[in-house]
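Reviewing the structure listed below.
Coordinate-derived values only; no laboratory data. Here the structure is a predicted model, which means the values were calculated and not measured. Note that each Cβ is placed from the backbone with ideal geometry, even for glycine, and that neighbours are counted across all protein chains shown.
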Amino acid sequence: MRIDLHTHSRASDGTDTPAELVRNAAAAGLDVVALTDHDSTRGHAEAMAALPAGVTLVTGAELSCRIDGIGLHMLAYLFDADEPEFLRERELVRDDRVPRARTMVRKLQELGVPITWDRVARIAGEASLGRPHIATALVELGVVETVSDAFTADWLADGGRAYAEKHELDPFTAIRLVKQAGGVTVFAHPQAVKRGRVVPESVIADLAAAGLDGVEVDHMDHDEPTRTALRGLAADLGLLTTGSSDYHGSRKFVELGACTTSPEVYGEITRRATGAFPVPGAGGLSA
Ligand code: AMP
Ligand code: ZN
Ligand code: FE
Ligand code: FE
């Protein structure tokens, strides 16, 4: 079984439509794929409708959180997407991304970059708007060479010249909301140090005590020593460990299934979840 529990579609900052994503998951030989767009579940319906036979879809989202000034991402799986309190909070976080992106565009203009809001809005379409969409505009303008190159102090990195904050959840609130909606939580890439500051182990322990289910260990942003240390911490704290690609289509150089989760851990996630069931592919619509 090949299980990839962290991917993005055009519902956030991935470049595949949700339908393309599940078809690409089949082509990549995945048996299970989770769709975890940033602060959004809008891609789920299309992914379900297009799901090829042999691929199971795990519905999810990646929640933008912040604690003590440090940003972090919380993966949420198999929650009831209609549960009203969690739905309201997700929409607050997602909707606040628009004025926040407008602020970043204005800051770039003040820095002399000929970027326009219209262009960014067209790149993002209906998506949960993120820095990678602005970064794509910067690549088109020749300001930077790659999307990644826009994530520096000069441009869009946390605290960078054109950075603006967005509304984010306290991770303890996120865990409470996801559980209330019957879902399971996994701390995404907790040691992705190249993206900025990360939370200390004491915070992971506090989150575990508050009901966190697992940590993402196998991720391209974690080197081997980091993975070993995280596995030890997870064992100490009784947390599940997952592995995932964090696929973003052509916006990031990582393939579907680049890292995977064990069938045992996947089974445990599905046993704990009560908000939604994994969706087995029924053949899907033709392209
Ligand atoms: P935002 O959610 O708008 O704050 O943007 C954060 C997103 O940008 C992350 O979820 C990643 O998908 C992407 N990102 C962050 N750092 C980098 C980087 N160094 N290179 C490429 N993409 C990045
Ligand atoms: Zn992303
Ligand atoms: Fe993330
Ligand atoms: Fe992600």
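Roughly what % of DSSP beta bridges within the chain run antiparallel, to the nearest 5? Before the final figure, lay out each step's value.
Details: 14 of 30 bridges.
For the chain, the DSSP antiparallel bridge percentage is about 45.
Which chymotrypsin sites (Phe, Trp or Tyr not before Pro) does the stretch 191-287 hold that lie in a coil by DSSP with at most 11 other beta carbons within 10 Å?
253
Return an integer: the convex hull volume of the alpha-carbon atoms of the stretch 46-95, in Å³ per residue.
103
Taking 0.36 nm per residue of separation and subtracting the Cα-Cα distance, what length does fully extending residue 279 through residue 237 add?
Here the answer is 12.1 nm.
Just from its helices, what would the mean residue ellipticity at 222 nm be for the chain, if runs of 4 or more DSSP H residues each count -39500 (n - 2.57) and the sum is divided by every residue, rounded to the nearest 500 deg cm²/dmol?
-11000 deg cm²/dmol
Going by average Cβ density within 10 Å per residue, which order do the peptides 201-210, 162-171, 57-66 take, highest to lowest?
My ranking of the peptides, most packed first, is 57-66, 162-171, 201-210.
Could you list, bin by bin from short to long, the percent of Cα-Cα pairs of the chain in 10 Å steps?
Distribution as computed: 7, 30, 37, 22, 5, 0 percent.
Out of residues 5 or more away from residue 240 or on other chains, whose amide H comes under 5 Å of its own, with H placed 1.01 Å from N in the peptide plane?
Amide H neighbours of residue 240, under 5 Å, 5+ apart: 214, 215.
For every other residue with a beta carbon closer than 12 angstrom to the beta carbon of residue 238, add +1 if it is Lys or Arg and -1 if Asp or Glu, then tell me the sum. Present the calculation step by step, with values, prior to reporting the outcome.
Details: positive: none; negative: 213, 236, 268.
Value of the local net charge: -3.
Between residue 153 and residue 110, what is 0.36 nm times their sequence separation minus the Cα-Cα distance? Round to one decimal in nm.
Stretched out fully, the residue 153 to residue 110 stretch lengthens by 13.9 nm.
Quick check: residue separation of residue 139 and residue 165 times 0.36 nm, minus the Cα distance between them. What number comes out in nm?
That works out to 7.2 nm of additional length.
Cα-based Rg of the stretch 1-131 per 2.2 N^0.38 Å, rounded to two decimals?
1.15
What is the distance in Å between the Cα centroid of the stretch 1-36 and that of the stretch 111-176?
Answer, in whole Å: 22.
When the Debye formula is applied to the Cα atoms of the stretch 100-150, each taken as the same point scatterer, what base-10 log of I(q)/I(0) results at q = 0.15, 0.16, 0.17, 0.18 Å⁻¹?
The computed values of log10 I(q)/I(0) come out as -0.33, -0.37, -0.42, -0.48.
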